[in-house]
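Q: Mind having a look at this structure? Questions to follow.
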Amino acid sequence: MTLPFRPPKFWRSRVGLLALALSPWAALYGAAAAARLRRAAPSAALPTIAVGGLTLGGDGKTPATLALARMLLDHGERPAILARGYGGARESADPLRVDPARHAADDVGDEALLLAAVAPTYVGGDRAASARRAQTQGATVLLLDDGLHGRHLEPDLSILVVDAGYGAGNGLCPPAGPLRAPLAAQLARIDAAILIGDGEPPAWLRQKLLTRASLAPDPAAAAALCGARVFAVAGIGRPEKFARSLKQVGAELFGFRWFADHHEYSQEELARLECEARRLSSRLVTTEKDARRLGARRGFEVLPVTLDFAAPEAVAQRLGESIAAARAARCCGQT
């Protein structure tokens with residue numbers, strides 16, 4: 001699910017009057033989401049790893065999926081990523097393999113383009129069909145980006161991504177809070193969790209915590225922005241994380257404009273942003289995800305980030321054990 005607006009501040013912490021007023025609708029949403037999590041799903045022929053975010057956006061699900069794909073490649077696997085996609089591609093029953101050289105964000109979505117730069121990525125409404133297509137094209141393992149809550153395929157390993165700075169927000173489901181499903185229902189369906197950012201892990205996560213992780217800016221882009229006056233633009237789930245990355249590399253943040261996740265920039269908006277950056281004598285900088293939507297638009301610099309695991313050996317071991325067990329079960333006809 002993509003939010004068409006920036007998450008309200010009252011979602012973040014202590015339950016206030018507005019959240020309490022919305023709690024009856026949140027309870028209905030949560031009950032439906034919990035029921036969906038309990039729903040049976042078909043198994044794919046290949047080992048399947050599902051990655052999902054705890055809340056409705058900004059947890060770091062896509063960077064985590066990319067990091068897991070790179071790790072699988074480093075260990076000799078041929079991962080294929082199954083993603084939701086965008087627009088017509090998202091609803092189509094016929095799987096589409098994303099080609100960054102041919103497709104644009106309007107065709108398949110910004111996240112699908114990022115994923116396809118690392119591993120073969122398939123979008124479409126029928127993930128079972130995408131799994132079959134990926135297998136025929138040489139995949140040995142499946143990564144389900146945002147695949148934890150939809151229950152399109154039964155995962156052999158379910159990984160929940162949590163933002164350390166945001167956690168579970170106020171602990172409620174929409175419209176009263178940010179949780180994609182009640183916290184207990186999500187924790188009951190996962191095997192492991194990745195906590196991104198600083199701070200102590202919450203007590204409810206410690207039993208499932210596989211590793212901590214951090215977002216590392218691209219060294220070349222970081223060096224180019226060190227000491228620069230920048231005007232930041234981002235349409236992502238938690239733009240404050242982008243601001244922190246810019247400050248981390250030594251950029252001087254002279255202005256910023258935040259938009260809703262997956263925001264589609266109009267030409268008028270872009271012209272205003274460019275004008276404002278010139279007025280502030282600053283360089284326009286955006287995220288890699290936003291850059292996929294901006295396409296060939298000139299004037300924007302990009303600060304890519306990658307996810308670094310604090311305990312990569314533990315992650316690799318868990319992936320290897322889950323994949324081996326899945327293959328053994330399929331060989332014996334248990335799935």
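Q: It is to be established whether one or more residues within the stretch 58-76 are of a type outside the set (Val, Ile, Thr), at positive phi and in contact (Cβ under 8 Å) with a residue 60 or more places away in the chain.
A: yes
Q: Where the second residue is assigned to a loop (DSSP other than H, G, I, E, B) and the first is hydroxyl-bearing (Ser, Thr, Tyr) and lies in the stretch 127-140, which pairs have Cβ atoms under 6 Å and are six or more apart or on separate chains?
A: Ser130/Pro95; Ser130/Gly124; Thr140/Glu77; Thr140/Arg78
Q: What are the pairs, 6+ residues apart or on separate chains, where a residue within the stretch 100-123 that is over 19 Å from Gly235 (Cβ atoms) has its Cβ under 8 Å from a residue that is of a type in the set (Ser, Thr, Tyr) and buried (at least 24 other Cβ atoms within 10 Å of the Cβ)?
A: Tyr122/Ser130; Val123/Ser130
Q: Every residue in the stretch 39-87 that is within 24 Å of Leu187 (Cα to Cα), of a type in the set (A, V, I, L, M), touching a Leu at 6+ places or on another chain (Cβ under 8 Å) and surrounded by fewer than 20 Cβ atoms within 10 Å (Cβ to Cβ), please.
A: Within the stretch 39-87, the subset within 24 Å of Leu187 (Cα to Cα) is 39-44, 47-69, 81-84.
Now restrict to residues that are of a type in the set (A, V, I, L, M): 40-41, 44, 49-51, 54, 56, 64, 66-69, 81-83.
Still in the list and also touching a Leu at 6+ places or on another chain (Cβ under 8 Å): 41, 44, 49-51, 54, 56, 64, 66-69, 81-83.
Residue satisfying the conditions is Ala41 alone.
Q: Applying the selection to the stretch 130-143, what residues are out of contact with any Ser or Thr (no Cβ under 8 Å at 6 or more places or on another chain) and either part of a loop (DSSP other than H, G, I, E, B) or buried (at least 23 other Cβ atoms within 10 Å of the Cβ) (or both)? Explain how you work it out, then say what you get.
A: Residues of the stretch 130-143 that are out of contact with any Ser or Thr (no Cβ under 8 Å at 6 or more places or on another chain), as a first pass: 130, 132-140.
Selection gives Ser130, Ala134, Gln137, Gly138, Ala139, Thr140.
Rundown of residues vs (1) within 30 Å of Leu157 (Cα to Cα); (2) acidic (Asp, Glu); (3) modelled with pLDDT of 95 or more, yes/no style:
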position	(1), (2), (3)
Asp198	yes, yes, no
Leu205	yes, no, yes
Arg229	no, no, yes
Ser245	no, no, no
His263	no, no, no
Glu268	no, yes, no
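Q: So, in the stretch 281-321, how many residues would count as being buried (at least 19 other Cβ atoms within 10 Å of the Cβ) and within 20 Å of Arg212 (Cβ to Cβ)?
A: Total satisfying the criteria: 5.
Q: What's the total number of residues in the stretch 259-280 that are buried (at least 16 other Cβ atoms within 10 Å of the Cβ) and either under 20 Å from Asp110 (Cα atoms) or hydroxyl-bearing (Ser, Thr, Tyr) (or both)?
A: Number satisfying all stated conditions: 7.
Q: So in the stretch 144-190, with the set limited to residues that are among the acidic types (Asp, Glu) and more than 18 Å from the chain's Cα centre (by Cα), which one is farthest from Thr211 (Cα to Cα)? Steps first, answer last, please.
A: To start, the set of residues in the stretch 144-190 that are among the acidic types (Asp, Glu) comprises 145-146, 154, 156, 163.
After this cut, where a residue has to be more than 18 Å from the chain's Cα centre (by Cα) as well, the list is 154, 156.
Numbers: Glu154: 23, Asp156: 19 Å.
Looking at the filtered set, the residue picked out is Glu154.
Q: Output the residue which, of all residues in the stretch 5-38 that are of a type in the set (Gly, Ala, Ser) and farther than 23 Å from Ile190 by Cβ, is nearest to the chain's Cα centre (by Cα). Give the derivation first.
A: Taking the stretch 5-38 as the starting set, the residues that turn out to be of a type in the set (Gly, Ala, Ser) are 13, 16, 19, 21, 23, 26-27, 30-35.
From what is left, the residues that are farther than 23 Å from Ile190 by Cβ are 13, 16, 19, 21, 23.
Values: Ser13: 22, Gly16: 28, Ala19: 25, Ala21: 30, Ser23: 26 Å.
That would be Ser13.
Q: Let me ask something else about it. Do you know which residues across the stretch 144-166 are at pLDDT below 95, part of a loop (DSSP other than H, G, I, E, B) and not aliphatic (A, V, I, L, M)?
A: Asp146, Gly147, His149, Gly150, Arg151, His152, Gly165, Tyr166 - these are the residues of the stretch 144-166 that are at pLDDT below 95, part of a loop (DSSP other than H, G, I, E, B) and not aliphatic (A, V, I, L, M).
Q: Next question. Given the criteria buried (at least 20 other Cβ atoms within 10 Å of the Cβ), in contact with a helix residue (DSSP H, G or I) (Cβ under 7 Å, 6 or more places away or on another chain) and within 17 Å of Lys9 (Cα to Cα), does Leu172 qualify? Talk me through it step by step, then tell me what you get.
A: Values: buried (at least 20 other Cβ atoms within 10 Å of the Cβ): yes; in contact with a helix residue (DSSP H, G or I) (Cβ under 7 Å, 6 or more places away or on another chain): yes; within 17 Å of Lys9 (Cα to Cα): yes.
Yes, satisfied.
The values are calculated or read from the model by the stated rules, or taken from the named source; none is laboratory data. All of these numbers come straight from a predicted model, not from anything done at the bench. Ideal geometry is used to build each Cβ from the backbone, glycine not excepted, and the neighbour counts take in all protein chains shown.
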